[in-house]
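The structure appears below as structure tokens.
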Amino acid sequence: MSCASVPDEPFHGSLRISGTVTHDGAPVRGYVRLLDHRGEFVAEVPTNKQGGFTFFTAPGEWTLRLLSSGPTFELPVLLVDRDTPHFDIAL
């Protein structure tokens with residue numbers, strides 16, 4: 001999967017990876033981890049009330065990993081251009 005994003009003003013020069021996680025139509029509460037190309041931990045954010053999350057990062061190979069009491073996922077992401085990636089992840 002190839003994607004990237006538009007820089008936000010407060011994070012000039014950064015790329016955004018964002019998404020929404022749902023299970024059976026309901027938002028998933030948990031944490032999404034950002035892992036680098038070696039699978040090493042880089043950052044973690046909680047999902048919001050709508051199941052949303054956002055990371056600001058640089059181009060490269062990344063993995064998103066959901067940590068929750070319910071279903072989980074891992075999603076590889078390759079940031080290569082300036083399109084906005086927003087992942088609607090239905091578990």
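For the stretch 20-91, run through the trypsin sites (Lys or Arg not before Pro) and keep only the ones in DSSP coil with at most 12 other Cβ atoms within 10 Å of their Cβ. The partial results should precede the final answer.
Details: sites: ARG29, ARG33, ARG38, LYS49, ARG65, ARG82; in loops: ARG29, ARG38, LYS49, ARG82.
Qualifying residues, ordered by number: ARG38, LYS49, ARG82.
Taking all protein chains in place and a 1.4 Å probe, what share, in percent, of the accessible surface of the stretch 34-91 do carbon and sulfur account for?
Values: 1770 of 3410 Å².
In the stretch 34-91, the share of accessible area belonging to carbon and sulfur is 52 percent.
The values are calculated or read from the model by the stated rules, or taken from the named source; none is laboratory data. Not measured: the values here are computed from a predicted model. Cβ: placed from backbone, ideal geometry, glycine included. Neighbour counts: every protein chain shown. The protein model used for the area step is the full one, side chains on, heavy atoms only, and it has no ligands, DNA or RNA in it. Shrake-Rupley method; radii C 1.70, N 1.55, O 1.52, S 1.80 Å.
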